[in-house]
Structures are given as structure tokens and as C-alpha cells.
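K.L.:
To start, I am sharing the structure in question, which I have written as C-alpha cells.
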Amino acid sequence: MNTAVLFDWDGTLMDSHSAILAAYRSATTSVIGRRFPDTQDEIDLIRPMRAQQSFPLLSDDPKTVAELIAAYNDAYVRESVTTAHAFPGVERLLGRLRDGGQTLAVVSSKAGSRIAADAVQESLDSFFDTVISGDTSAEVKPHPGPILDALAALEVPADQAIYVGDGPQDVIAGRDAGVFTVGVTYGLHSAAEVAGERPDALANNIDELESAILGAVAIRAEG
């Protein structure tokens, strides 16, 4: 059986930090007249959240929250054209994994429409067999539910799967789902944050990520 390699999106495959911040600030300024996030503590607070979780922190009015989410999605599409790009080497990595017979998927808290826009823009849309997004899973990482949703869609057991992410919530979710975890240190979260959850492997760049994935694939093939 081929190994399934599941990837987080923002900070793992996509360098989208600037686009996310700009979209948040554009949406909040236009809808509620307040720039958010405006401090490092606020940035750290929302980093692992879906928009459906973060915007209710700013308003308890469902109509306002809906307006914020819509404005955020629109602003992200505008910003991502110039400020969100795949990390160098990602397309090559995904191509090599597919050529090697691996099944690939995305498991992210990001909205599916924004993942799709990124993927088309960066020519990554043909690589993935399934995409579990923030608006298709009932659970949110660090709950293992989104990863389990992907495994069910792919019909792959956990002991034949790898999950790659840049945050502590990714490592926790992967571990609780029973898959091999790879933490990357070049993304949205600090190296200390992701390393602190003790992933099965760590990667500081795309070349190291490829080596970590192929090492895990080899172990599963032997098993």
C-alpha cells in the first residue's frame, strides 16, 4: 500500500503570512473601523484559528461576523496575488512524491475557497487527491478529526500516513490521529513551538522535509 502524505497549508506549503495579516487588517478596518490584529499578542492569538473562530472575538453580532468573514476572504484573494506564494521547492517536492507513487492531501483550517485560489495561482491544484479545509471538517486542529476525515476519504489507515505541519496544533492532531508527524520550522510558528510537541521528525527547509518524508515512507514500506 502506498503511503499518504498529508500537508497543512499556510506556513507549510504556502508562504502566506503577509497576505493573511493584510487581509485581516483590511477586513476589520473596513467593517468595524478597527485594525486587527495590531499587536504580536493578537497575531499569536489568531494564528491557529479559523476565521469562524477569530472574528467572533471582535463582535457578538452574527451579521457583523459574517461581514468580516466575507471581507476577509475577498481581501485575501486580492492580497495573495502579490504576497502569497508556495515556498521555493514545494512544487518539485510534490511532483517527486507523486512520481514515487505517494497519495497526497491537504488538511488545513483555511477556507477551501482560499486554498483553491492559492493552489491554482501556484500551479499546485493537480497534486492532491483530497482537500480537508476549515469549512469541510466538523473539528479543528489540534483535534485529530480533520486528519481522520482525510484518511477516511483516501481509505488509508493511520499507520500508512504522514502529516506535515508548521505548528504545535499540527503535531498534536497528527499524533492523536496515529500518523507519523513531521514538523517544519520555517513556517508561521517558531521552531521552539513545533519542536516542543516532539514530532517524529523535524525539517528546517524543503530539502530536509523531502528527506524526512522519504525516510518515513521507507519505514512504512518495510513494515
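K.L.:
Accessible surface of residue 91 in the full protein assembly, 1.4 angstrom probe, to the nearest 10 Å²?
P.N.:
Here the residue's solvent-accessible area equals roughly 100 Å².
K.L.:
Place a +1 charge on the Cβ of each Lys and Arg in the chain and a -1 charge on the Cβ of each Asp and Glu, then give the dipole magnitude about the Cα centre in debye, rounded to the nearest 20.
P.N.:
Working: 16 positive and 33 negative charges, 57 e Å.
The dipole of the chain has a size of about 280 debye.
K.L.:
Then there's this: Would you kindly state how much longer the chain becomes between residue 61 and residue 125 on full extension, computed as 0.36 nm times their sequence separation minus their alpha carbon distance, in nm to one decimal? Intermediate values should be presented prior to the final figure.
P.N.:
On the way: separation 64, 0.36 × 64 = 23.04 nm, distance 3.57 nm.
Taking residue 61 through residue 125 to full extension adds about 19.5 nm, to one decimal.
K.L.:
Another question, then. Want the number for residue 35 to residue 78: 0.36 nm per residue separation, take away the alpha-carbon distance, what's left?
P.N.:
On the way: separation 43, 0.36 × 43 = 15.48 nm, distance 1.77 nm.
Here the answer is 13.7 nm.
K.L.:
Separate question: Normalising by the residue count of the chain, find the relative contact order in percent from Cα pairs under 8 Å and 6+ residues apart. Don't skip to the end; give the middle numbers.
P.N.:
Values: 396 pairs, mean separation 51.6, N = 223.
Answer for the chain is 23 percent.
K.L.:
What does the charge add up to near residue 121, with Lys and Arg as +1, Asp and Glu as -1, over the other residues with Cβ less than 13 Å from its Cβ?
P.N.:
Numbers: positive: 78, 114; negative: 15, 79, 91, 118, 122, 125.
Result for the local shell: -4.
K.L.:
Would you please give the residues with an amide H less than 5 Å from that of residue 104, counting only those at least 5 places away or on a separate chain, with H modeled from the backbone geometry?
P.N.:
5, 129
K.L.:
What is the extension gain from residue 113 to residue 21, computed as 0.36 nm multiplied by their sequence separation minus the C-alpha to C-alpha distance, in nm to one decimal? Walk me through the intermediate numbers first.
P.N.:
Working: separation 92, 0.36 × 92 = 33.12 nm, distance 1.75 nm.
Answer, rounded to one decimal: 31.4 nm.
K.L.:
If I compute solvent accessible area with a 1.4 Å probe over the protein chains, what percent of it on the chain is carbon and sulfur?
P.N.:
Numbers: 4770 of 9620 Å².
Within the chain, the accessible surface is 50 percent carbon and sulfur.
K.L.:
How much net charge surrounds residue 177 when only other residues with a Cβ under 12 Å from its Cβ are counted (Lys, Arg +1; Asp, Glu -1)?
P.N.:
Numbers: positive: 141, 175; negative: 139, 149, 159, 170, 176.
Summing Lys/Arg as +1 and Asp/Glu as -1 gives -3.
K.L.:
If I build a Gaussian network model for the chain, linking alpha-carbon pairs within less than 10 angstrom, which residue out of 208, 42, 193 has the largest mean-square fluctuation?
P.N.:
Of the options given, 42 has the highest mean-square fluctuation.
K.L.:
Next up: Can you give the alpha-carbon Rg of the chain over 2.2 N^0.38 Å, where N counts its residues?
P.N.:
0.99
K.L.:
Oh, and also: Averaged per residue, what accessible surface does segment 6-107 expose to a 1.4 Å probe, in Å²?
P.N.:
On the way: 4570 Å² over 102 residues.
Dividing the accessible area of segment 6-107 by its residue count gives 45 Å².
K.L.:
So for the chain, taking the charge dipole from beta-carbon charges (+1 Lys/Arg, -1 Asp/Glu), which of 126, 31, 111 sits furthest toward the positive end?
P.N.:
Looking along the dipole axis, the top candidate is 31.
The values are calculated or read from the model by the stated rules, or taken from the named source; none is laboratory data. Predicted model, so just to flag it, every value in this text is computed and none were measured. Cβ atoms come from the backbone with ideal geometry, glycine included; neighbour counts cover every protein chain shown. Remember, those area values only see protein heavy atoms, side chains included, never the ligands or the DNA or RNA. Shrake-Rupley method; radii C 1.70, N 1.55, O 1.52, S 1.80 Å.
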